[in-house]
Amino acid sequence: MTGSLYLSPNDPWGTPPPAQAVVAALTELQMIGPPHGEATWLAGDALLRHITFAGCSPYLALTPPPDGGTDFCHVALLGPSAQPRIITGPNTLNPRCPTCKARVKDWAPLAERFDADPAAPWTCPSCNAGHRIDTLRWRQHAAFGRLLVEIRSVFPAEGVPSDELLETLGKACGMDSWQFAWAASSA
């Protein structure tokens, strides 16, 4: 599995939008096609119009493989959950302290701590400033949220959502525009 592109409301702590509003917005944009399991859909006809891919010739499999595997581009809805969750992966870059910009090299324990207690504080060893883990500068290489849209089989930094997609999700859900990040696939 190559990873996933995640979309989520800007505020990972806010009340998550209704799942049906998110599905309606994705359907309206033709981002999703027919259902493909619980809270999972095949790629819609306009998915490639709303995700810009880098590289000279990216290859995306848009149909399920004959073996029934999940290594193809499709869309899943994760949540809503009671607390924000973090999703990282093997390609996650070292985040930086938002105060002094020092790199946080040993971030994996922070991700585990966030899963156990999302509000747990973190103190920067370089400047002693206190922050929540989700406020570190992850540079879009960690996804946070109580409800996330996952576009599977997108290599980190290869696919970027259109402004229209993020704005449409925000409007449909009655909140600010959404953000995006790349991380490991949840499948």
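Tabulated values for the structure
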{"quantity": "Region 54-135: trypsin sites (Lys or Arg not before Pro) falling in loop per DSSP and having at most 13 other Cβ within 10 Å", "calculated": "Lys101, Lys105"}
{"quantity": "Of Asp163, Asp11, Asp134, the one that fluctuates the most in a GNM where the chain has Cα springs shorter than 10 Å", "calculated": "Asp163"}
{"quantity": "Relative contact order of the chain, defined on C-alpha pairs under 8 angstrom at six or more residues apart (%)", "calculated": "39 percent"}
{"quantity": "Cα-derived Rg to Rh of region 59-103, Kirkwood definition", "calculated": "1.16"}
{"quantity": "For the chain, built as a Gaussian network whose Cα springs stay under 10 Å, the top-fluctuating residue of Gly130, Gly89, Gly44", "calculated": "Gly130"}
{"quantity": "Computed lengthening from Arg103 to Ser126, 0.36 nm per intervening residue step minus Cα-Cα distance", "calculated": "7.4 nm"}
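Here, each number is a calculation from the coordinates, and none is a lab measurement. Just so you know, these numbers come straight off a predicted model, no measurement behind them. Neighbour counts are summed over all protein chains in view; Cβ atoms, including those assigned to glycine, are modelled from backbone coordinates with ideal geometry.
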